[in-house]
Amino acid sequence: MIIQENRLLDEILGGYREVIGGDFEGYKNHVYRMVNFCLVLDKTSEEETEKIIIAGCFHDIGIWTAGTFDYLSPSIDAANEYLEGKDLIDWKPEIERMIDQHHKVRSFSEENDKLVEIFRKGDLVDFSLGLVKCGLPRATVNAIRNQFPNAGFHKGLVRLAGSWFCRHPLNPVPVIKW
């Protein structure tokens, strides 16, 4: 079942609507897609689902809050600020790893860190426009992608990456981890 609306996701992202500006719909849909991919990749508890949603909201937010393509640290900072404000400090290490490792090329396989790998795969399915499915059925990927249109999200990433590359040719993709 596809999560079409989520109060927590909408509340968190709503607080960034002005900062994200014209990219808001695209980013919100990206977060909904990747959260849904995560939730069909593996069964999660209510707490794990909440962690995925929070990490999802913040995982790329540094693009807008810090105005950079080197956005992992500012995204983690924003997530930590949110977690501190909600008295969820115990969640910080796991959500930090989820955000920090979400563009890891190889699997993340540290013990007791299943959410980091689920999150990495969920983002990869969306980032690849569904070309990489991480074992998900094509029909499921297509249903989620159809429910939440791209709304220019990937075009914006290509534009940002191109601009970054022109200024930093020796560090073309700073968010990729091996």
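For the stretch 1-67, applying the loop criterion from DSSP together with a ceiling of 15 other beta carbons within 10 Å to the GluC sites (Glu not before Pro) yields Glu5.
What residues qualify as long-range amide H neighbours of Lys104, i.e. H under 5 Å apart, gap of 5 or more or another chain, H built at 1.01 Å from N? Sorted by chain and number, the residues that satisfy this are Lys177.
For the stretch 1-137, the C-alpha radius of gyration divided by 2.2 N^0.38 Å, with N the number of residues, is 0.97.
None of the figures in this text is laboratory data; all of them are computed from the coordinates on show. Please read all numbers here as calculations on a predicted model, not as lab measurements. Virtual Cβ from ideal backbone geometry, glycine too; neighbours counted across all protein chains shown.
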